[in-house]
Amino acid sequence: MSRGHYKIFLGMAAGVGKTYRMLQEGRAELTAGRDVAIGYLEPHKRQETSDQAIGLEAVPRRGVSYREVEVEEMDLAALLARAPDLALIDELAHSNAPGLVHEKRYEDIAEALDAGIDVYSTVNVQHLESLNDQVAELTGVRVRETVPDSVLGTADEVVLIDLTPEALVARLRAGKIYPGENIDAALNNFFRIENLAALREVSLRQVAEDVEAKRLTLHVAEPLGTREERVVSEVPKAVGERLLALVRPTPSSQRLVRRAWRSAQRLGTDLDLLWVKTPGKPVEGEVERQVTALRQLASVLGATLLIEEHDDLVAAAARVVRERGSTYLMVGESLPRRGFARLREPLPQRLMNATPAGVDVRIVAHRGSREEGG
Amino acid sequence: MIEHFLVGFALLLGFFGGYLIASSRRHGKRSERPREVHQILLPFAGTEISCRAVDAALRLARAEEATLMPAYLATVPKQLPLDCAIPNEAAGAMSILEAIEQRATGQGVPVDARIERGRSYRHALRRLLEHERFDRVVVPATSTGGTGLSGEDMVWLLRKAPAEVLILRPSPSDDARVFAAARAK
C-alpha cells in the first residue's frame, strides 16, 4: 500500500484562514468525486469556518476523561476503519489526552498516511520546534505544543496561508477570530502589528527553505523520465540567483572565493564552491591542508563546499549547476595553456556550452595578471 | 623514394616524441618541485592592521622566500555555535585580507590567508596554532590597547607558539592603516 499524500496548511498565527482553506480544498475534492471525511475539526466558534464544513462527513470524535474533565479527541481507530480517500485533520501540533494511542496528533496523522489515506492538516509557525524560541523572543508568547521540524519535511506539499498583518488585525477587530470580549486583550498582546510582521517573515522564510530543500532533494533523487519531464528539468527552478564558484585547493582560490562571496552578498543569494577532484588521487599533504582551509573559509562565510570526483571538470560542473539551480558560474583565470591543450576550447567557453542557457560564466582575474596589465 | 618517405616519417615521429617528453618534463617540474613549509603568520583582529606590521612581515617573507599567512582572528559569541557562519565579521576581514594581498602581490610574496574563529582572540589563535604550520609569527603590539591582541595574549603567544615570534613595538606610523590605504586606492 502506498503512503497517502500529505498537505500542510501553514500560517503565521490563528485566524489567517488555514482551517478555512483546508475545508475549502476538501470540499473541492468532494465535488470532484473523492471520498472526503473530517478526521478532526476545531472551528473555534468561527461561523465562516463552520459553514465550510457543511456537507462534509465528520468521523465521530472520541470522548476521553482527563483530570475529571471530558475532552474530545480524534478517534484514530474510527478514522482508519472508515478509510476515506482524504481525511481533513485540523491542528497537527495538538497534544492528545493521556490514554490515547499516540501522544501527539501528528503521530496519528502519520499512521493514517501509512494506511494510504491522504491527509490535509494545519499548523501555525510558532509550533515548529526550531522556531519556538525565535517566535517567543519576537512575540513574548511561548507555545507549549511543539512539533519537530521534520514533520514539515514529511509533507508532500506545504501551503502558506498568507495574510498581511493589517488584514489579520482587521479580521480580529471584526470579531472573525475571537469573541468580542477577547478582542482587546488579543490586540494588546499577541496580535500587535510588529509581532505579526515578524511572524509573517518567519513563516515566509520557513516555506522558502522548505521549497528549496525539496527542490534540491527532488532534483538529485529523481531519475529523468519522459522528454517533457527532461525539458522541464532543464529549466532552472530557483526563483532567485545562485552562485557556483569553481575552486581548487590552492591559496589562489581564496581570492576567487572572496570575489564570489561579495557577489553573492550583493545579490542576496547563496554561494556554492565546487572542487572537481581527479578520481583516485589521494587528498594528502599540501592538498589536504588547502582543502581544510577552503572548508574553513566556506564555513565562516556560510557557503557550501562541494567536492565531486570526476575526470571531466566541465561535465561535473554542468551537472552541479543543474542540480543546484546555479545561475552564475565563477571561475578563476586559467594558467597559460601549453602543448596540445592550446588546441582545446578555453574552459569558460566549454562551460558555457555545457551549462543550461541563462547561466552566466564569469572569470575572476588573477591578481598578478591584473596588475601586470595595468 | 620509399626510403626518403620512411626517413621523413621517422624525423616527424622523433620531433613529436621530443616535444611530448619536453612538455611532460616541464609539467613534471612544476608539480614535483619540492616545497618546504616556510610560512610567516601575521595574526590580526578587529577592523584594521598597521602598515608597518604588514610591511615587516612582507620584508621577512620576501627575504626568506616564504609565504605570508595573514590570519584574521574572529570571535564568536558564546550563545552561537563555534562553527557558525559569521558573514558580518567576515566582510570586514575580507577587505583587510584583500588589501594585504594587494601589497604582497606588488612585492612578489605569495599569500595564503586564513580566518579563524574562537570564543576570544586567544582561543582563535590557539586553534590556529593547532592545525597550521609556520616558522615565524609577526604580531603588532598596539599602543592604544584597541581591538587587537592584548599584552597577555602576546606573552601567551611567546610561550606557546612553536616558532619565532616577532612583536613589533608600537609606533606613530601605525596610524597608517592598511585598510585605509586600500580604501584610498
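The values are calculated or read from the model by the stated rules, or taken from the named source; none is laboratory data. Remember, it's a predicted structure, so these values are computed and weren't measured experimentally. Neighbour counts run over all protein chains shown; Cβ positions are idealised from the backbone, glycine included.
Residues B:Ala90, B:Ala99: which one is at pLDDT below 90 and touching a strand residue (DSSP E or B) at 6+ places or on another chain (Cβ under 7 Å)?
Values: B:Ala99 fails: touching a strand residue (DSSP E or B) at 6+ places or on another chain (Cβ under 7 Å).
B:Ala90 is the lone residue from the list that is at pLDDT below 90 and touching a strand residue (DSSP E or B) at 6+ places or on another chain (Cβ under 7 Å).
Suppose we keep only residues that are buried (at least 21 other Cβ atoms within 10 Å of the Cβ) and within 10 Å of chain A (Cβ to nearest Cβ) within segment B:69-85. Which one would you say is farthest from B:Ser150 (Cα to Cα)? Checked segment B:69-85; the qualifying residue farthest from B:Ser150 (Cα to Cα) is B:Met69.
Out of A:Pro60, A:Pro84, report the one residue that is free of Cβ contacts under 8 Å to residues at least 24 places away in the same chain, closer than 24 Å to A:Asp35 by Cβ and part of a loop (DSSP other than H, G, I, E, B). Explain how you work it out, then say what you get.
Working: A:Pro84 fails: free of Cβ contacts under 8 Å to residues at least 24 places away in the same chain.
The unique qualifying residue is A:Pro60.
Quick check on this structure: which one of A:Leu305, A:Leu267 is closer than 21 Å to B:Ala85 by Cβ, within 14 Å of chain B (Cβ to nearest Cβ) and at pLDDT 90 or above? Of the residues listed, the single one that is closer than 21 Å to B:Ala85 by Cβ, within 14 Å of chain B (Cβ to nearest Cβ) and at pLDDT 90 or above is A:Leu305. If we scan segment B:64-73, do we find a residue that is in a helix (DSSP H, G or I) and in contact (Cβ under 8 Å) with a residue 24 or more places away in the chain? There is no residue in segment B:64-73 that is in a helix (DSSP H, G or I) and in contact (Cβ under 8 Å) with a residue 24 or more places away in the chain. Just the residues that are of a type in the set (Gly, Ala, Ser) and farther than 21 Å from A:Leu76 by Cβ, please, taken from segment A:1-52. Of everything in segment A:1-52, those that are of a type in the set (Gly, Ala, Ser) and farther than 21 Å from A:Leu76 by Cβ turn out to be A:Gly11, A:Ala13, A:Ala14, A:Gly15, A:Gly17, A:Ala28, A:Ala32, A:Gly33, A:Ser50. Assess whether A:Glu48 counts as being in contact with a Lys or Arg (Cβ under 9 Å, 6 or more places away or on another chain) and acidic (Asp, Glu). Yes; evaluated as a whole, the condition is true for this residue. If you go through segment B:119-128 and keep only what is away from chain A (no Cβ under 14 Å) and closer than 14 Å to B:Met154 by Cα, you end up with B:Ser120, B:Tyr121, B:Arg122, B:His123, B:Leu125, B:Arg126.
In segment B:103-113 there is at least one residue that is facing another protein chain (nearest Cβ under 9 Å), over 12 Å from the mean Cα position of the chain (by Cα), assigned to a helix (DSSP H, G or I) and farther than 23 Å from B:Ala161 by Cβ.
Of all residues in segment B:109-135, those satisfying the criterion of being modelled with pLDDT under 90 and either more than 26 Å from B:Ile86 (Cα to Cα) or surrounded by 22 or more Cβ atoms within 10 Å (Cβ to Cβ) (or both) are B:Phe134, B:Asp135. Only one of the numbered conditions (1) at the interface with chain B (Cβ under 7 Å from one of its Cβ atoms); (2) touching a helix residue (DSSP H, G or I) at 6+ places or on another chain (Cβ under 9 Å) is not met by A:Val257, and that is (1).
With respect to A:Leu113, determine if the residue is crowded, with 19+ Cβ neighbours inside 10 Å and either of a type in the set (A, V, I, L, M) or in a helix (DSSP H, G or I) (or both). The answer is yes for A:Leu113. Tallying residues that are polar (S, T, N, Q) and either under 21 Å from A:Leu204 (Cβ atoms) or at pLDDT 80 or above (or both) within segment A:165-187 yields 0.
Taking the options A:Ile38, A:Ile89, name whichever one is among the β-branched types (Val, Ile, Thr), out of contact with any Lys or Arg (no Cβ under 9 Å at 6 or more places or on another chain) and buried (at least 19 other Cβ atoms within 10 Å of the Cβ).
Numbers: A:Ile89 fails: out of contact with any Lys or Arg (no Cβ under 9 Å at 6 or more places or on another chain).
Sole residue among the options that is among the β-branched types (Val, Ile, Thr), out of contact with any Lys or Arg (no Cβ under 9 Å at 6 or more places or on another chain) and buried (at least 19 other Cβ atoms within 10 Å of the Cβ): A:Ile38.
Residue check: is B:Glu116 over 15 Å from B:Ala66 (Cβ atoms), more than 7 Å from every other protein chain (Cβ to nearest Cβ), within 14 Å of the chain's Cα centre (by Cα) and charged (D, E, K, R)? Yes, satisfied.
Among the residues of segment A:50-75, which ones are over 17 Å from A:Ala87 (Cβ atoms) and of a type outside the set (Gly, Ala, Ser)? Steps first, answer last, please.
Of segment A:50-75, the ones over 17 Å from A:Ala87 (Cβ atoms) are A:50-51, A:54, A:63-71.
Within segment A:50-75, A:Asp51, A:Ile54, A:Val64, A:Tyr66, A:Arg67, A:Glu68, A:Val69, A:Glu70, A:Val71 qualify.
Looking across segment B:86-97 at every residue that is within 8 Å of another protein chain (Cβ to nearest Cβ) and surrounded by 19 or more Cβ atoms within 10 Å (Cβ to Cβ), the one that is nearest to the chain's Cα centre (by Cα) is identified as B:Leu97.
For segment A:4-35: of the residues being part of a helix (DSSP H, G or I) and touching a Ser or Thr at 6+ places or on another chain (Cβ under 9 Å), which is surrounded by the most Cβ atoms within 10 Å (Cβ to Cβ)?
Taking segment A:4-35 first, the residues part of a helix (DSSP H, G or I) are A:18-31.
Applying the additional criterion that residues be touching a Ser or Thr at 6+ places or on another chain (Cβ under 9 Å) yields A:18-23.
Working: A:Lys18: 25, A:Thr19: 29, A:Tyr20: 21, A:Arg21: 18, A:Met22: 26, A:Leu23: 27.
Once the filter is applied, the top-ranked residue is A:Thr19.
Residues in segment B:58-73 that are under 18 Å from B:Ala93 (Cα atoms) and of a type in the set (A, V, I, L, M): B:Leu68, B:Met69, B:Ala71, B:Leu73.
Residues checked against (1) in contact with a helix residue (DSSP H, G or I) (Cβ under 7 Å, 6 or more places away or on another chain); (2) of a type outside the set (Val, Ile, Thr); (3) in contact (Cβ under 8 Å) with a residue 24 or more places away in the chain:
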position	(1), (2), (3)
B:Thr75	yes, no, yes
B:Ala85	yes, yes, no
B:Ile96	yes, no, yes
B:Gln102	yes, yes, yes
B:Gln107	yes, yes, yes
B:Val111	yes, no, yes
B:Arg114	yes, yes, yes
B:Tyr121	yes, yes, yes
B:Glu132	no, yes, yes
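Apart from one condition, A:Gly153 fits all of (1) at pLDDT below 75; (2) over 25 Å from A:Asp51 (Cα atoms); the exception is (1).
Residue by residue, here is whether (1) within 28 Å of the chain's Cα centre (by Cα); (2) modelled with pLDDT of 90 or more holds:
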residue: A:Thr31; (1), (2): no, yes
residue: A:Ala53; (1), (2): no, no
residue: A:Pro84; (1), (2): no, yes
residue: A:Asp90; (1), (2): yes, yes
